[in-house]
Amino acid sequence: MLGLKLPTDPRWVDLAEKDLGEILTDHAYCEQKAATSCISLIQMYPEKEEMVKQLAPIVTEEWGHFRLVLLELEKRQLKLGRQRKDEYVNELLKFEKKGGSREDRLLEKLLICALIEARSCERFRLLSLHIAEEELKEFYHKFMISEAGHYRLFIDLAKRYFDEEKVKSRWKEYLEYEADIMKNIDLRGDRMH
């Protein structure tokens, strides 16, 4: 369903389990950044009324996810660590077409958001299936479902505002590029991506 060209190495879950404080910290910041990205899109494109209407509740949902991860840290008597650079997202941003029209930039932003949500969904699925602790399996299953919906929303918004063939073509390019990122990025258990 997600269209990702290269699945996550299954060893990632084992690495993530070794230090739950680290993966939960990174997860918390990913949720925070997702809320911020939606806010930025609303601020940059307020005239896209349907997009604003669709993204406003996502801001609330993503911030709620941030709070849920904070509660999970607290329940485990773990502290929220410092935010780290997201190498995966930084590599994706290098592929974003710079310049062009304001509309062209919107398409790029929507597709990048869709891809981040797709990869997050895939990682949450792995955690929900393979992490040892039953409670965490349920925790991550809920996030997986949510991220799948967000991925779909960003793709649907792209198709609403742009020619479907243009969206499909650029999406295919992003998927190929993202597969290369996944081949070359270090497998780290302290990162969601």
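List of remarks:
- Some residue of region 138-146 being in contact (Cβ under 8 Å) with a residue 24 or more places away in the chain and closer than 23 Å to residue 53 by Cβ: yes
- Residue that is nearest to residue 144 (Cα to Cα), among those in region 45-54 that are of a type outside the set (Lys, Arg) and in contact (Cβ under 8 Å) with a residue 24 or more places away in the chain: 54
- If only residues of region 1-57 that are surrounded by fewer than 19 Cβ atoms within 10 Å (Cβ to Cβ) and of a type in the set (S, T, N, Q) are counted, the one that is farthest from residue 119 (Cα to Cα) is 43.
Rule-based calculations on the coordinates, nothing more; no lab input. What you see is a predicted model; the values in this text were computed from it and never measured. Positions of Cβ are generated from backbone atoms using ideal geometry, with glycine treated the same way; all protein chains shown enter the neighbour counts.
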